[in-house]
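Taking it in order: structure first as structure tokens, then the write-up.
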Number of protein chains: 2
Amino acid sequence: MALTIVGQSVPRIDAREKLTGRTVFTADQDLRGLVHARLVLSPHAHAKIRKIPIDAAKAVPGVVAVLTAADLPFGEETPNARGRCLLARGETRFPGEPVAAIVAESDAAAADGAARLAAAIEYEALPALIDPVAAADRSAPLVQPGLQGASWEAGAHGAAAAAQEEEEKAPGNVASQVKFARGDIERGLRDSAVVVRRTFRTAVVHQAYIEPHATIADFDRGARRLTVWTPTQGLFYTREQTASVLGLPESSVRIVPMPVGGGFGGKILLLEPIAGALAMIVGRPVRLVLTRAEEFQTATPAPQSILEVALGASRDGEFRALQARLLFDAGALPGAPVTICGLLMGGAYRVANLDIRGREVLTHKPPQGAYRAPGSVQAAFAIESVVDEIAEALGQDPLELRVRNVSQEGDPMPDGGKWPRIGLRESLLAVRESRLWGERPRRGGAKTRAADGTLAGTGIAVGGWLGGLEAASACIRPNPDGTIHVVVGSVDISGSSTSLAQIAAETIGVPMQQVRLVSEDSDGAPQSGMSGGSKIIYTVGSAVQKAAADARRQILALAAKRLEAAEADLDIVDGTVRVRGVPSRAVAVADVIKMTSGFGAQHAPVFGVASEAITTRSPAFGAHVAAVDVDPDSGRVRVTGYAVAQDVGRAINPALVRGQIHGGVAQGIGWALLEQMVYDESGTLTTGTFADYALPRSTDVPPVDVQLVEVPSARGPFGAKGVGEPPVVPVSGAIANAIADATGARIDSLPITPQRVVDALAARRR
Amino acid sequence: MALTIVGQSVPRIDAREKLTGRTVFTADQDLRGLVHARLVLSPHAHAKIRKIPIDAAKAVPGVVAVLTAADLPFGEETPNARGRCLLARGETRFPGEPVAAIVAESDAAAADGAARLAAAIEYEALPALIDPVAAADRSAPLVQPGLQGASWEAGAHGAAAAAQEEEEKAPGNVASQVKFARGDIERGLRDSAVVVRRTFRTAVVHQAYIEPHATIADFDRGARRLTVWTPTQGLFYTREQTASVLGLPESSVRIVPMPVGGGFGGKILLLEPIAGALAMIVGRPVRLVLTRAEEFQTATPAPQSILEVALGASRDGEFRALQARLLFDAGALPGAPVTICGLLMGGAYRVANLDIRGREVLTHKPPQGAYRAPGSVQAAFAIESVVDEIAEALGQDPLELRVRNVSQEGDPMPDGGKWPRIGLRESLLAVRESRLWGERPRRGGAKTRAADGTLAGTGIAVGGWLGGLEAASACIRPNPDGTIHVVVGSVDISGSSTSLAQIAAETIGVPMQQVRLVSEDSDGAPQSGMSGGSKIIYTVGSAVQKAAADARRQILALAAKRLEAAEADLDIVDGTVRVRGVPSRAVAVADVIKMTSGFGAQHAPVFGVASEAITTRSPAFGAHVAAVDVDPDSGRVRVTGYAVAQDVGRAINPALVRGQIHGGVAQGIGWALLEQMVYDESGTLTTGTFADYALPRSTDVPPVDVQLVEVPSARGPFGAKGVGEPPVVPVSGAIANAIADATGARIDSLPITPQRVVDALAARRR
């Protein structure tokens, strides 16, 4: 049957509200009796807290409470994730760790109190481990003596649970390690005609959402119920964690999802437990909103990584061996995406001999967090750089070399699994047809120096994402006016709600305007996974599709009675149930629903539901082409053109999918050229404002030529795959390869700053 | 299987919150930008609005808007129910009709503005029809020229839809009429050995909830969405009506259910449309809360009635003929419960020849509304009085005469249907065993004058309710900590939520503390009927039971995998799934639910749902015994003892059921002895405060001896029937009969004020 709504670029259902400024974000909310909280953050990477004199802060007019760890009857000795941290006890283990909290009648009073307290606290600085390589040494002191090292990151972002653990005992600060191997790596490298061996470094990068973290918590002491308003990406995970930290049953915590002003993996769990703790203590609703400076200091950026990669190929371009050593700096608590990095680095290409070992190491830096395609961004930068260098070494076309070697259905994954049908090769073939790639011969390479000295080049890279999994339910509730409520527990960080509404409208047979998406709070919402890992459309969308089909069946059964027709003869078109071939026999969906509502209704309400756990992933890949101009004197790189071909399975809403891809490319340009959080050797952040931390601006992002490739998923709704993470993945590699194409110089550290370009060109000249 | 939770008097789940004053009622809520509204009410029963000079009101500092009907782009020429009225257009048709609205920054400013406007409005008084008998005359001018007269009352409260309409053309102010007949009434009366013929009058009675009507409405102009916070008894009816009055799609109106501080039928729809209209116009959240005086003037009390009844019986006490003419004063808009009155009056006893005709007539008084067992209270007072007089005339025991004649399963109902299995006779037999009835011979009758002249008497009466019907859905959402959320759209006005939680706990097999009831708003809630007509446990409770059984099946299926056992061998006891007979093989429900949650869960979330439309009623009856002392000099009546036996089908929570019965008796005492809204001939309310309108106090209500009779319903959960309405029904009759027993005087008008007692005794002496 031809689709009429799925596949259409309908406007986002929240567009009007957002564009007209009507959206109420968490920080905008006012509650009766609301008090304002500020956190006092540690200025030290590692210090003993000697004394917290609270008198000066308490004396500030309007200050309601000054609280330290000693005042909290909750919290763990050693939390295993940043989101579970309340206030430091005795010692701080990362710069920006919350040490105390001020609660006051106004935000100004809270800020004043926090400043006075910050000035009063006495620390004894202790030696800090800032360099992950030093921290990974067996002789290094332990960052978290109490921690055994457990990570939810792998699960959260879809890496295989079966990642084999290395048997040898790791050094104490190694929080987790992973090993993927097949074949005989030494022989594979030995037998390769050409081997490229490089070490890559990626920076600590902040998610840089425009809305800072903000939470309001209110505790009902009588009922012992905590309500938390938060722009979290996931209701149920946040509920579980907040309840667990505060010692409450999950059903006593209500998470109210608020609009997310940018998440990208960084809005999962941060302020909810501490705000909840403060509300429980002061007995009033507490508002806690981070300043931008606090965002940089105490939130959870993407981790730094050091990736040693060796790729060997035969003379004719068959990849023979891939060896890698991955080191992720987790910061002070575990959870870095080392497993995902290994899977994606070793999975994009067929290679008979594989040996990838990864470790995450704890340091006295802020605990890392998820950021769009965690681990995969780092992996692609490294592997795509060496693949390009192999092509160069062999004198082959870099795109054709990839076409030859990329994984396809049935090829092995690093963890021993097999790839399902993926669209990696199809994306490469599609991007080969892009104008940008077609024009490459005319502009590529160091030979094309412009009159002003600018060097032009074009690069290619691929990359993708395994796709997340999490069980989900959904409800469809039609109303007597014919409108349809789609009730879900998922949070919209990417336009997913619009696509969910499209899926429901298409499945039932009603126009888009008749469908409304209802995101309930955690008390009543159908279960949903976190909006992360590119899984909402794949999992919740599938549940919505099935619930809508269930509702459709119920509508048809009622309409059959009403129309005195067989269900099999009925169809629903544009909100009307029709007897096929008899245009006069029809009834509006509204009138069918009226049969079930009001006093004395004789028919059960239409209530479509579905609940399912999808257990097979649908990985999604894309191929990117970047064109750059490089100024060899200043080292400045300008991205002048960009083309993406991405396998999306099925574009439920092409405009929104393109928007995801545009956004991914923009963020990828930030990774590639601009963004880094720099800590000095004492652990002090030297790039803690948007003046020091460079985000891409609109002029840094060229128009992006997008081709949507549709290799349908066997499982997603209408064949859809997750589309959110893949487009950020290949960008750094494509740009680095374009720079190499332009200049002949390979730069192996992100971001590729002008200084690094100048240095690389100088080194090349030597 | 033995029940462990259903049948237990567990405390109300909202008890702590309510008793500690934590419950936030609508009027307590604060929203950012909130403005306050006041209505200006008509002082005239019927008047032309000549001029509304708004300048003085507008000049009050803080006044934001002064609005009249001309400013509202909504509203109907002739609304067909009070709840649909916005502001009067051109003419007012009842005293207390809203004529204008003031919106201001503070409630004080709004009140000030309203007072100034009220003083400024110029009316031209028009002749008012206050007396329903005069209004029912064919020559009377029309109260509502534009109205055809339609009523939802019958459906809402469960009267049979099949009530036959009288064919003859009714006078213009008769909004609806009903006729029930069988046999040959003239012959039946002729053949009776004794006929008692009386005319009864009941007063206008206010529901007198402690919380006045209160609504907050907020309109999002961008999204065109209206949110309404209201203590309504029914989300979906209120949504439908509010949307319809304001010209919005139902899905654009969100009704947020707030705690109901007393409803009793009076909190269905009143302020929601006008508050919504004001919010749409001023563009800010509007709070509208009635004062107590406004409650009396502009809300919807129970209607006045005049009931002419003739009952004939054979010499040996077989009822042979029942003739009745029912006249209900609907006030200015239709909807009076004349059909229900006829069904209950003619249904409680077997009688071969029946002729009941009922009419509701429009007058220039406030439109009536529902009040606990509407129509049935009036019917029972009349029929139980004449039954008692028949017993007296025949020299028979009034209880035994009732036992002989009361309807049982299979007996005809006035509308031609047959009674299902009812517990009316069983209730009579049970109350016969009460101490109060047993002691009757020692104290009953005018012969027992005490030393101080007080006369003692004991009376009996029966009465009940047909039971309401409305389709309902429910969801069961277990959490990974083993707690269970029961998600419903019903509003708790009587403790029903506690019983719903018990039904879920019992059905699944978890302790009560693990169950939480979640009442969602109209956006996401499963469908539910209005909390009225004693139907929530019967309909929503049934859906909860089925949804819980669905969830239980899903839990057992997962546990079977976990325990490697057959589902049939499993049981859930106290939150643990056990293999029967193998105590060591068990798994907590929490651990089963954990199998479905978190990253990479392999099993679909447990999501129990049910959706159904019950189409058969389970009527419920009770028998009441009242003992009174009458002071013949002052006419003062004191209820000294009270016994109730009520068929409840199954008491889900006996303490709550007893509480319903206590409350019903207390309200019944108000009907019987104290409460009346008195209008003078111009239509001015002369009892508009709690100083003039006498509510029963705790000292007016004796201890109530309750026996719960359990004749199980074939359809309700665990056999339960609706218990809320029946206990108010027989009280007036029992007390009137006790007074007759004490004094020999029969009083046929409610309330039985001291003056009426004195007058009746004087008449008897003459």
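The values are calculated or read from the model by the stated rules, or taken from the named source; none is laboratory data. No experiment lies behind these values; they were computed from the predicted model shown. Virtual Cβ from ideal backbone geometry, glycine too; neighbours counted across all protein chains shown.
Quick grid of which residues meet (1) of a type in the set (Gly, Ala, Ser); (2) assigned to a strand (DSSP E or B); (3) closer than 28 Å to residue B:468 by Cβ; (4) assigned by TED's automatic domain parsing to the domain that holds residue B:533:
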| residue | (1), (2), (3), (4) |
| --- | --- |
| B:593 | no, no, no, yes |
| B:601 | yes, no, no, yes |
| B:605 | no, no, no, yes |
| B:624 | no, yes, yes, no |
| B:634 | yes, no, no, no |
| B:643 | yes, yes, yes, no |
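Scan the strands (runs of 3 or more DSSP E) fully inside region A:203-274 and keep the ones with 3 or more residues being over 20 Å from residue B:598 (Cα atoms). Don't jump to the end; show me each part of the working.
Numbers: elements: A:214-220, A:225-230, A:253-257.
Answer list for region A:203-274: A:214-220, A:225-230.
Among the residues of region A:637-656, is there at least one that is within 41 Å of the chain's Cα centre (by Cα) and over 30 Å from residue A:423 (Cβ atoms)? It would help to see each step written out before you state the result.
First, the residues of region A:637-656 that are within 41 Å of the chain's Cα centre (by Cα): A:637-656.
Next cut, over 30 Å from residue A:423 (Cβ atoms) only: A:638.
Among the residues of region A:637-656, at least one is within 41 Å of the chain's Cα centre (by Cα) and over 30 Å from residue A:423 (Cβ atoms), which makes the answer yes.
Could you please find all residues in region A:588-602 being in contact with a Leu (Cβ under 6 Å, 6 or more places away or on another chain) and at pLDDT 95 or above?
Residues of region A:588-602 that are in contact with a Leu (Cβ under 6 Å, 6 or more places away or on another chain), as a first pass: A:592, A:595, A:600.
A:592, A:595, listed by residue number.
Inspect region B:758-765 for any residue being surrounded by fewer than 18 Cβ atoms within 10 Å (Cβ to Cβ), out of contact with any Pro (no Cβ under 9 Å at 6 or more places or on another chain) and of a type in the set (A, V, I, L, M) and give the result as yes or no. It would help to see each step written out before you state the result.
Initially, region B:758-765 is screened for residues surrounded by fewer than 18 Cβ atoms within 10 Å (Cβ to Cβ), giving B:758-759, B:762-765.
Applying the additional criterion that residues be out of contact with any Pro (no Cβ under 9 Å at 6 or more places or on another chain) yields B:759, B:762-765.
Imposing the further condition that a residue be of a type in the set (A, V, I, L, M) reduces the set to B:762-763.
Within region B:758-765, one or more residues are surrounded by fewer than 18 Cβ atoms within 10 Å (Cβ to Cβ), out of contact with any Pro (no Cβ under 9 Å at 6 or more places or on another chain) and of a type in the set (A, V, I, L, M).
Take the residues in region A:724-752 that are of a type in the set (Ser, Thr, Tyr) and within 23 Å of residue A:375 (Cβ to Cβ), then tell me which one is surrounded by the fewest Cβ atoms within 10 Å (Cβ to Cβ). Explain how you work it out, then say what you get.
First pass over region A:724-752, keeping only residues of a type in the set (Ser, Thr, Tyr): A:732, A:743, A:749.
Next cut, within 23 Å of residue A:375 (Cβ to Cβ) only: A:732, A:749.
On the way: A:732: 31, A:749: 18.
Checked region A:724-752; the qualifying residue surrounded by the fewest Cβ atoms within 10 Å (Cβ to Cβ) is A:749.
Does residue B:586 satisfy being at the interface with another protein chain (Cβ under 9 Å from one of its Cβ atoms), under 24 Å from residue B:4 (Cα atoms), part of a strand (DSSP E or B) and touching a helix residue (DSSP H, G or I) at 6+ places or on another chain (Cβ under 9 Å)? Full working, then the answer.
Details: at the interface with another protein chain (Cβ under 9 Å from one of its Cβ atoms): no; under 24 Å from residue B:4 (Cα atoms): yes; part of a strand (DSSP E or B): yes; touching a helix residue (DSSP H, G or I) at 6+ places or on another chain (Cβ under 9 Å): yes.
When the stated conditions are applied, residue B:586 does not pass them.
If I ask for residues that are of a type in the set (Ser, Thr, Tyr), within 11 Å of another protein chain (Cβ to nearest Cβ) and touching a Ser or Thr at 6+ places or on another chain (Cβ under 6 Å), which ones from region B:214-263 would you list?
Selection gives B:251 alone.
Among the residues of region A:462-499, write down those that are more than 25 Å from residue A:340 (Cβ to Cβ), of a type in the set (A, V, I, L, M) and within 7 Å of chain B (Cβ to nearest Cβ).
Correct list: A:487 only.
Sort out which residues of region A:699-730 are touching a strand residue (DSSP E or B) at 6+ places or on another chain (Cβ under 6 Å) and of a type in the set (A, V, I, L, M, F, W, C), and write them in order of number.
A:704, A:706, A:709, A:711, A:729
Only one of B:82, B:50 is over 25 Å from residue B:334 (Cα atoms) and basic (Lys, Arg). Can you tell me which?
Details: B:82 fails: over 25 Å from residue B:334 (Cα atoms).
Within the list B:82, B:50, the selection yields B:50.
Please count how many residues of region A:118-146 are touching a Ser or Thr at 6+ places or on another chain (Cβ under 9 Å), surrounded by 18 or more Cβ atoms within 10 Å (Cβ to Cβ) and assigned to a helix (DSSP H, G or I).
2
Output the residue which, of all residues in region B:167-222 that are free of Cβ contacts under 8 Å to residues at least 24 places away in the same chain and touching a Gly at 6+ places or on another chain (Cβ under 9 Å), is farthest from residue B:361 (Cα to Cα).
Checked region B:167-222; the qualifying residue farthest from residue B:361 (Cα to Cα) is B:222.
Does residue B:575 satisfy being at pLDDT 95 or above, under 20 Å from residue B:481 (Cα atoms), of a type outside the set (Lys, Arg) and buried (at least 23 other Cβ atoms within 10 Å of the Cβ)? Spell out how you get there, then give the answer.
Values: at pLDDT 95 or above: yes; under 20 Å from residue B:481 (Cα atoms): yes; of a type outside the set (Lys, Arg): yes; buried (at least 23 other Cβ atoms within 10 Å of the Cβ): no.
No.
Is it the case that some residue within region A:68-82 is charged (D, E, K, R), part of a loop (DSSP other than H, G, I, E, B), more than 14 Å from chain B (Cβ to nearest Cβ) and in contact with a helix residue (DSSP H, G or I) (Cβ under 9 Å, 6 or more places away or on another chain)?
Looking through region A:68-82, at least one residue is charged (D, E, K, R), part of a loop (DSSP other than H, G, I, E, B), more than 14 Å from chain B (Cβ to nearest Cβ) and in contact with a helix residue (DSSP H, G or I) (Cβ under 9 Å, 6 or more places away or on another chain).
So if I check each of B:588, B:627, which one is surrounded by fewer than 20 Cβ atoms within 10 Å (Cβ to Cβ) and either touching a strand residue (DSSP E or B) at 6+ places or on another chain (Cβ under 8 Å) or within 27 Å of residue B:539 (Cα to Cα) (or both)?
Values: B:627 fails: surrounded by fewer than 20 Cβ atoms within 10 Å (Cβ to Cβ).
Of B:588, B:627, the one residue that is surrounded by fewer than 20 Cβ atoms within 10 Å (Cβ to Cβ) and either touching a strand residue (DSSP E or B) at 6+ places or on another chain (Cβ under 8 Å) or within 27 Å of residue B:539 (Cα to Cα) (or both) is B:588.
Out of the strands (runs of 3 or more DSSP E) lying entirely within region B:508-581, which hold 2 or more residues that are touching a residue at least 24 places away in the same chain (Cβ under 8 Å)?
Details: elements: B:515-519, B:570-573, B:576-579.
Correct list: B:515-519, B:570-573.
Looking at region A:311-322 only, could you name the residues that are surrounded by fewer than 23 Cβ atoms within 10 Å (Cβ to Cβ) and under 28 Å from the mean Cα position of the chain (by Cα)?
none
Quick one: which of B:108, B:45 is more than 14 Å from every other protein chain (Cβ to nearest Cβ), aliphatic (A, V, I, L, M), assigned to a loop (DSSP other than H, G, I, E, B) and on the phi < 0 side of the Ramachandran plot?
On the way: B:108 fails: assigned to a loop (DSSP other than H, G, I, E, B).
Residue meeting the stated conditions: B:45.
Whether any residue in region B:207-221 is over 23 Å from residue B:38 (Cα atoms) and not assigned by TED's automatic domain parsing to the domain that holds residue B:393 is what I want to check.
Start the filter on region B:207-221 by keeping residues that are over 23 Å from residue B:38 (Cα atoms), which leaves none.
No; the residues of region B:207-221 include none that is over 23 Å from residue B:38 (Cα atoms) and not assigned by TED's automatic domain parsing to the domain that holds residue B:393.
Every residue in region B:277-331 that is touching a His at 6+ places or on another chain (Cβ under 6 Å) and part of a strand (DSSP E or B), please.
Selection gives B:287 alone.
Return the residues of region A:1-42 that are without any contact (Cβ under 8 Å) to a residue 12 or more places away in the chain and either surrounded by 17 or more Cβ atoms within 10 Å (Cβ to Cβ) or more than 14 Å from chain B (Cβ to nearest Cβ) (or both); say none if nothing qualifies.
A:1, A:2, A:17
Right, residue B:608: at the interface with another protein chain (Cβ under 10 Å from one of its Cβ atoms), out of contact with any strand residue (DSSP E or B) (no Cβ under 6 Å at 6 or more places or on another chain), more than 30 Å from residue B:381 (Cβ to Cβ) and of a type outside the set (Ser, Thr, Tyr) or not? Quick ask: steps written out before the conclusion?
On the way: at the interface with another protein chain (Cβ under 10 Å from one of its Cβ atoms): yes; out of contact with any strand residue (DSSP E or B) (no Cβ under 6 Å at 6 or more places or on another chain): no; more than 30 Å from residue B:381 (Cβ to Cβ): yes; of a type outside the set (Ser, Thr, Tyr): yes.
Here the answer is no, as residue B:608 does not meet what is asked.
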